[in-house]
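Since every read-out is calculated from the coordinates, none of them should be taken as a lab result. All values derive from a computational prediction rather than experimental measurement. Reconstructed Cβ throughout: ideal geometry from the backbone, glycine too, with neighbour counts over all protein chains shown.
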């Protein structure tokens with residue numbers, strides 16, 4: 001018993017040996033009962049039966065090479081045990097294909113009851129005396145071809161070879177000793193039966209890279225992709241389609257996929273294993289049916305001997321709706337496709353033949369109108385191309401023989417904008433959507449559009465790890481746990497926590513608006529209100545500084561992988577944000593005639609030039625290994641399609657002649673006024689709980705210099721600095737003055753302080769600063785109003801109440817645009833009623849009154865995945881009757897609901913609800929989530945003071961947290 005406990009503790013603590021989310025079977029220090037696999041200078045024999053699958057042999061050779069990468073001595077694949085007396089060996093094989101595995105099973109030395117006959121399952125066991133002359137062996141037995149392959153690559157990952165060792169240059173983790181624990185490990189079947197990726201929108205980046213390295217999308221290229229997929233425990237692939245014909249470009253492509261163990265498919269617009277570029281013209285079932293039938297038959301005949309998941313149905317040419325196809329004719333298409341499957345494969349029924357029909361765009365309207373699909377066909381539901389699943393199985397659909405799946409997007413070409421450049425995926429959002437899909441029984445297929453593949457290493461790993469085994473992903477906090485494990489595997493334990501935090505922050509920053517959707521518009525108001533534009537840019541700067549520090553702590557070899565997957569997206573993303581934010585500030589400053597307008601123009605030009613420098617750095621890695629991977633245009637979009645080339649946003653410069661009101665200009669937060677000249681604005685008020693600093697900007701509005709002093713009318717208000725000189729073109733053109741209050745000396749209640757800004761010559765500016773000294777009761781726990789607004793992050797509730805059915809409201813960390821999300825768990829809960837639904841209560845203390853307060857609810861841009869049970873929440877102030885809200889309008893399947901474009905562009909759907917009268921004092925805001933899939937990621941109570949901005953007011957001060 002002590003030995004078992006000791007081994008379990010080793011498995012728990014040995015994070016270096018952990019294949020992400022999977023139990024460990026290896027350790028790297030001598031352990032009682034463990035079998036030593038590596039020894040200095042000796043090649044580890046890996047025994048694989050000659051009759052086993054070619055993919056198993058391929059994986060075995062990879063494992064032999066991986067031992068060399070880790071220990072310095074390659075293993076050796078052999079088909080015989082002769083000459084291996086007293087050697088330590090690995091025996092790998094498939095039940096029913098390996099005579100050695102079968103003999104171990106029949107002799108009782110290998111227990112396979114847990115995996116036999118199951119899909120893609122395996123066991124690993126240390127077996128004593130497996131064959132004559134060998135004392136012990138680590139035996140890897142698979143239930144089928146891929147079960148064995150996954151068992152082999154599981155060892156590779158555990159010894160320290162990342163699945164991304166080639167595609168992202170993750171260095172193998174060097175080891176001297178490797179031991180197999182004396183345990184039985186059984187794994188599988190996977191959660192999702194068919195799991196894979198779609199290479200799409202692959203021009204210019206991936207195609208340019210392929211042409212430079214392979215000439216075309218040939219078998220050498222696909223061998224690298226297939227190996228990556230298998231190491232990631234995926235099994236399904238849609239090949240590139242823009243300028244590629246998988247089966248035609250290289251006659252070895254089809255056989256290679258089958259040999260290595262990849263199930264081939266084609267996209268929703270490419271039926272019967274035919275490439276889009278092979279289509280006959282006209283692509284019209286009504287008017288060219290005979291030629292289309294031959295086209296489909298030829299595709300089936302060509303691929304019939306290889307493992308294929310057949311794409312049924314059809315759409316119009318060029319991935320569009322067909323002008324002549326309707327629900328009835330689409331049924332005719334599918335009936336024909338099934339008929340040729342039966343005749344060509346020699347089957348009386350297709351229950352064992354994987355087939356899918358993708359409900360994409362207009363096709364959804366056919367289904368909703370009553371189109372009947374054969375029960376043995378998997379319905380592949382789609383997201384909206386932006387990560388929001390449109391529909392999932394209804395209760396009446398969950399028992400279909402063919403089941404259901406999800407087609408998801410990490411990349412897209414289309415409305416509202418293409419997004420193809422680098423990673424713009426928030427992992428917590430992916431978790432929320434795919435967890436919902438899993439719980440709603442969409443478990444037959446998960447396929448994700450990954451564009452050029454290379455820039456999306458992180459979300460691909462996350463998606464496929466969930467698809468392989470959802471068990472570690474049942475908690476809303478599981479994404480953060482996974483991120484730590486991922487960072488440990490790729491970069492080491494020393495930087496894992498910081499890297500996970502950095503990428504979680506990156507997800508929150510980028511979900512606000514994708515790079516291609518950026519222009520000056522999101523930040524024009526934000527240059528004035530809440531200092532939002534500057535704060536956003538500062539967030540990006542802080543994130544880059546953190547990533548740069550982590551990068552500096554790594555060895556030179558690991559830095560390359562870290563740059564590709566972490567530092568580059570953060571650095572490149574910060575540059576794009578800087579260009580657009582400072583272009584917006586440049587425009588705002590020009591209106592105020594600040595001389596720093598020209599400096600901001602220079603900053604925009606410099607940042608824009610830096611984008612090319614960072615691209616060149618990426619393309620120069622490893623002597624140009626990844627040249628062209630960053631070729632995608634990402635500046636200057638004006639509609640959904642790529643512009644012809646990158647272009648910098650326009651910037652302004654201004655003349656140096658001061659306005660008649662004088663060279664010295666004064667501006668304050670939340671006002672665009674420039675004084676003297678404009679009416680002097682009133683500063684936003686302050687109280688002891690105001691969350692942000694109050695500042696005054698003093699600046700030059702022409703050539704020359706001007707001294708100034710700043711004098712508050714009372715001693716308990718301080719300004720820093722209290723004097724200075726603004727000067728242009730030499731010297732300092734802008735000075736920011738920070739206001740502070742000694743609240744112990746300030747009088748109680750409301751008062752107004754006058755702050756005088758006095759130039760050496762010219763007109764003084766007098767600014768009014770409202771103050772409100774009050775004391776919140778010591779026992780209060782919650783948020784404090786500031787200037788007519790209370791901004792609440794979801795994690796900071798005062799209390800939660802579970803539902804009568806056991807359902808709860810749970811926090812999704814690092815979700816949404818600012819902090820966290822609140823969701824209903826479980827995802828299979830029935831529609832809730834107000835009397836029995838779970839709720840969260842948020843407390844706030846109002847300092848002012850409002851006769852018509854509003855609650856602004858920030859939601860994810862999600863869909864009603866069950867049209868008969870739309871997303872819903874309810875909200876109420878204090879003891880008032882709750883107001884129920886269904887935020888997403890009903891729509892025909894395949895069309896977008898009202899407000900969809902804005903919600904996708906902005907990364908949020910914001911719904912306003914009147915909550916009644918609010919008096920000064922303590923209040924409670926109750927939020928009920930009434931339908932699974934409803935996720936709220938921010939609340940703002942507007943007492944009349946909420947200013948226009950992109951993200952909303954900064955989080956209010958909170959007490960008791």
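In table form, for the structure just shown:
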| read-out | value |
| --- | --- |
| For the chain: relative contact order, % (alpha-carbon pairs under 8 angstrom, 6 or more apart) | 9 |
| Theoretical FRET efficiency, 1/(1+(r/R0)^6), r = Cβ-Cβ of residue 342 and residue 545, R0 60 Å, to 0.05 | 0.45 |
| With Cα atoms, 0 to 90° folded angle of helix 54-71 axis to the chain main axis | 60 |
| Length released on extending from residue 553 to residue 736, taking residue separation times 0.36 nm less the Cα-Cα span | 62.4 nm |
| Within the chain, helix-based [θ] at 222 nm, where runs of 4 or more DSSP H residues each add -39,500 (n - 2.57), nearest 500 | -9000 deg cm²/dmol |
| Label point distance in nm, residue 174-residue 353, each placed 7 Å from Cα along Cα→Cβ | 5.5 |
| Most to least packed among 331-340, 684-693 [average Cβ atoms within 10 Å] | 684-693, 331-340 |
| Percent of beta bridges antiparallel (DSSP, segment 2-187, rounded to nearest 5) | 60 |
| At R0 = 60 Å, FRET efficiency that the Cβ-Cβ distance of residue 743 and residue 290 yields, to 0.05 | 0.10 |
| Hull volume in cubic angstrom per residue (convex hull over the Cα atoms of the chain) | 189 |
| Packing-based ranking, highest mean first, of 468-474, 186-192, 434-440 given that Cβ atoms within 10 Å are counted | 434-440, 186-192, 468-474 |
| Neighbour-count ranking [beta-carbon atoms within 10 angstrom, fewest first] of 20, 698, 149 | 20, 698, 149 |
| Gained length - residue 779 relative to residue 613, 0.36 nm times residue gap less alpha-carbon distance | 54.2 nm |
| The chain: angle of helix 478-491 to the longest principal axis, Cα-based, in degrees nearest 10 | 70 |
| Calculated FRET efficiency for the pair residue 750/residue 795, C-beta based, R₀ 41 Å, to 0.05 | 0.80 |
| Helix axis angle, 327-345 relative to the chain longest principal axis, alpha carbon, degrees | 30 |
| Compactness of segment 518-623 as Cα Rg over 2.2 N^0.38 Å, two decimals | 1.22 |
| Separation in nanometres of the label points that stand 7 Å from Cα toward Cβ, at residue 879 and residue 718 | 4.7 |
| Debye log10 I(q)/I(0) at q = 0.16, 0.24 Å⁻¹ for segment 664-773, Cα point scatterers | -0.68, -1.37 |
| Stretchable slack from residue 321 to residue 399, in nm (0.36 nm times residue separation minus alpha-carbon distance) | 25.1 nm |
| Protection proxy ranking, peptides 723-729, 652-658, average beta carbon neighbours within 10 Å, highest first | 723-729, 652-658 |
